[in-house]
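In what follows, a structure is listed as structure tokens, so that the remarks can point back to it.
The values are calculated or read from the model by the stated rules, or taken from the named source; none is laboratory data. Being a predicted model, the structure only gives us computed values, none of them experimental. Neighbour counts are summed over all protein chains in view; Cβ atoms, including those assigned to glycine, are modelled from backbone coordinates with ideal geometry. Side chains included, ligands, DNA and RNA excluded: accessible areas come from the protein's heavy atoms. Shrake-Rupley method; radii C 1.70, N 1.55, O 1.52, S 1.80 Å.
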Amino acid sequence: QSAYITYLVFAPHWLVPARIKREELDVERAKDALYYEKTGYDLVDPGTPRESVRQLPGPTNSLGFVKIIFPNEHSVFMHDTPAKGLFQYPVRTFSHGCMRLEQPVEMARTLLTLDGQWDADKYEELKKQWDEIDFTPLQAAFDRAAYETLRRTAAGLEESVVLRKPIPVHVEYYTVRVGEDGHAQFLADPYRHDERRLR
């Protein structure tokens, strides 16, 4: 797919896809009615058919400190991650489909420097505030007022930056390639695209 990077989001929320909410997070909430609040999530329209959940900004947020958006038909984007240890593995298909970056802040700095918008002091201060978001004390002793204060603080951190000049990005996915020796190399198909095509 080919697209253009059009904007970045620092200290992003993660709007949890309905399937992940239903199959993973709601399973945990069934064990503890306060699971979302204790682990840094915010329910939107709770108890209604439109109920959704978003993970608040902070060091445990699945998108990390920055996400980089290139609007595309697959809704895929690049993002930071709190799971830095996953980069030690040669095969890293652990995400639900988006692209984790090993050096996301450096990528953001490069993009915004090229665009004439990088402000080191501003983003260092924002990162410091983001680092201080910590929901773990609520797991030992839940306090509704403390949660609401933390929720408001975290929610207010998110900041978007629109690029003045969009930057092209091209993503390729191959399951077969020709090696330097001229022989075919058959690769893994973790997203099962070949299976769907063959069907």
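Quick notes on this one:
- Listed conditions (1) modelled with pLDDT of 95 or more; (2) within 19 Å of the chain's Cα centre (by Cα) are all met by I167, apart from (2).
- Any chance Y174 is on the phi < 0 side of the Ramachandran plot, in a helix (DSSP H, G or I) and touching a Leu at 6+ places or on another chain (Cβ under 8 Å): no
- Residue check for D189: assigned to a loop (DSSP other than H, G, I, E, B), at pLDDT 95 or above and under 23 Å from the mean Cα position of the chain (by Cα): no
- Identification of strands (runs of 3 or more DSSP E) wholly contained in the range 14-76 with 1 or more residues that are surrounded by fewer than 19 Cβ atoms within 10 Å (Cβ to Cβ) yields 41-44, 52-55.
- Which listed residue is among the aliphatic types (A, V, I, L, M) and more than 16 Å from the chain's Cα centre (by Cα), from A11, A18, A30: A30
- Residue pairs whose Cβ atoms lie under 9 Å apart, separated by 6 or more positions or on different chains, with the first residue in the range 178-191 and in contact (Cβ under 8 Å) with a residue 40 or more places away in the chain and the second among the small types (G, A, S) and in a loop (DSSP other than H, G, I, E, B), are Y191/G97.
- For Y174, the conditions (1) modelled with pLDDT under 95; (2) within 25 Å of S75 (Cα to Cα); (3) over 18 Å from the mean Cα position of the chain (by Cα); (4) surrounded by 11 or more Cβ atoms within 10 Å (Cβ to Cβ) all hold with the exception of (4).
- Among the residues of the range 99-107, at least one is assigned to a loop (DSSP other than H, G, I, E, B), open to solvent by 40 Å² or more (accessible area, probe 1.4 Å) and at pLDDT 70 or above.
Per-residue answers, yes or no, for (1) in contact (Cβ under 8 Å) with a residue 12 or more places away in the chain; (2) open to solvent by less than 40 Å² (accessible area, probe 1.4 Å); (3) farther than 30 Å from D32 by Cβ:
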{"site": "L114", "(1), (2), (3)": "yes, no, yes"}
{"site": "D119", "(1), (2), (3)": "no, no, yes"}
{"site": "E125", "(1), (2), (3)": "no, no, yes"}
{"site": "K128", "(1), (2), (3)": "no, no, yes"}
{"site": "P137", "(1), (2), (3)": "no, no, no"}
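- Residues that are over 18 Å from Q103 (Cβ atoms) and in contact with a His (Cβ under 9 Å, 6 or more places away or on another chain), drawn from the range 53-76: R54, Q55, L56, P57
- Single residue of A145, A155 found to be open to solvent by less than 80 Å² (accessible area, probe 1.4 Å), touching a residue at least 12 places away in the same chain (Cβ under 8 Å) and either in contact with a helix residue (DSSP H, G or I) (Cβ under 7 Å, 6 or more places away or on another chain) or aliphatic (A, V, I, L, M) (or both): A155
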